Amino acid sequence: MSLQPTVEWQVNGHCNYDCTYCIQSRQYRTGLPEEETIASLVDGFARLPGTWEIKMSGGEPFAYHGLMKWVLPGLVERTPHHISTLTNFSAPLSVLRRFCELTGARLRITSASLHLEHETLGAFVDKAIAYRALRAEHNPGSSFVVNSVLVPGKVQGQFAVKETLEALGFRVFPQLMKIKGGVFPYTAREVRLIEQLTGGSHDPTKVNRAPSYQGLHCEAGAWYFVVDQRGEAFRCRTGKRLANEDEDAYLGNLAQGTFALRAEGAPCPYPICPCTVPANRGVVRLPPASEAPDEL
Ligand code: SF4
Ligand code: SF4
């Protein structure tokens, strides 16, 4: 897989949902950056070499008033980069329409997470169909995927979710639930259901099992990084969590001009890669499927 340089930008901490299974604690799910911080971060993105994919997440990026006012105009007008987003898809259709208009040909991937604690499948589907029409008009080169967390005790219900969405032509991406530093210990029965649901696939383009890539060469820090709402930048998500133990994980502050990319990648030092972006952008060099490392 060819390498797609990628930034995961946690634009704001605030989220308008409060899912019981959220990996981010309530304490950290706060914060709405000022216009000046956004401007400095966009300047930082503009200085990156070449064309990157800026994947915006949160919190919930659409719950931030600055998304449409400062973030998108800044990225579109002052950088050459592609734009993707991870969203809980709670934004009204009128806002999604504006998003499609503003991003145009720059929009690459919309990852919409289905949260059945806050939304019915029917309402989600109606909006996804309307959003598909908007993208066909404004962003025909973009793609759409539905993330669905396999909530413990509710895995059985995911069969109906998958069937409904796939029958309508949507791509469904199941995610094993993460808890601090690992994957939730599902019961043996639910492990069997997960295997059935995923067809036993360990392909990171089809399911997020939060595997370990420890020891494999990874370009995180050189061609991939995560940056938070204050501009603090880290090699990757696990690097951010373990930054107190690994001094190589911190890349400086992108908003304050202390940020620097590493000259090259290195073997992955961490026991878990919780997000599939590095694997699916060619950032981590995966072995052939038959030699895939152990997964949790
Ligand atoms: S929508 Fe996402 S970020 Fe918000 S509470 Fe739910 S899981 Fe957490
Ligand atoms: S493989 Fe994943 S966890 Fe390891 S350094 Fe790369 S991005 Fe981080």
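Summary of values
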| read-out | value |
| --- | --- |
| Residue within the range 230-239 that is in a strand (DSSP E or B), of a type in the set (D, E, K, R) and farther than 18 Å from Pro5 by Cβ present | yes |
| Residue in the range 262-279 that is at positive phi and either in contact with a helix residue (DSSP H, G or I) (Cβ under 8 Å, 6 or more places away or on another chain) or assigned to a loop (DSSP other than H, G, I, E, B) (or both) present | no |
| Odd one out for Asp248 among (1) buried (at least 18 other Cβ atoms within 10 Å of the Cβ); (2) within 11 Å of ligand 2 (Cβ to nearest atom); (3) not in a loop (DSSP other than H, G, I, E, B) | (1) |
| Counted residues, the range 90-120 - those being within 16 Å of ligand 1 (Cβ to nearest atom) and touching a residue at least 40 places away in the same chain (Cβ under 8 Å) | 7 |
| Condition met for Phe225 (of a type in the set (Phe, Trp, Tyr), in contact with a helix residue (DSSP H, G or I) (Cβ under 9 Å, 6 or more places away or on another chain) and either at pLDDT below 95 or assigned to a strand (DSSP E or B) (or both)) | yes |
| Neighbours by Cβ (under 9 Å, 6+ apart or cross-chain): first from the range 15-26, among the aliphatic types (A, V, I, L, M); second within 16 Å of ligand 2 (Cβ to nearest atom) | Ile23/Lys178; Ile23/Lys180; Ile23/Pro274 |
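Let's see how each residue does on (1) surrounded by 12 or more Cβ atoms within 10 Å (Cβ to Cβ); (2) assigned to a loop (DSSP other than H, G, I, E, B); (3) free of Cβ contacts under 8 Å to residues at least 60 places away in the same chain; (4) more than 20 Å from the chain's Cα centre (by Cα):
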{"site": "Val146", "(1), (2), (3), (4)": "yes, no, yes, no"}
{"site": "Gly153", "(1), (2), (3), (4)": "no, yes, yes, yes"}
{"site": "Phe159", "(1), (2), (3), (4)": "yes, no, yes, yes"}
{"site": "Thr164", "(1), (2), (3), (4)": "yes, no, yes, yes"}
{"site": "Gly169", "(1), (2), (3), (4)": "no, yes, yes, yes"}
{"site": "Pro185", "(1), (2), (3), (4)": "no, yes, yes, yes"}
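The values are calculated or read from the model by the stated rules, or taken from the named source; none is laboratory data. Predicted, not measured: the structure shown is a model, and the values here were computed from it. Glycine also receives a Cβ, built like all others from the backbone with ideal geometry; neighbour counts cover every protein chain displayed.
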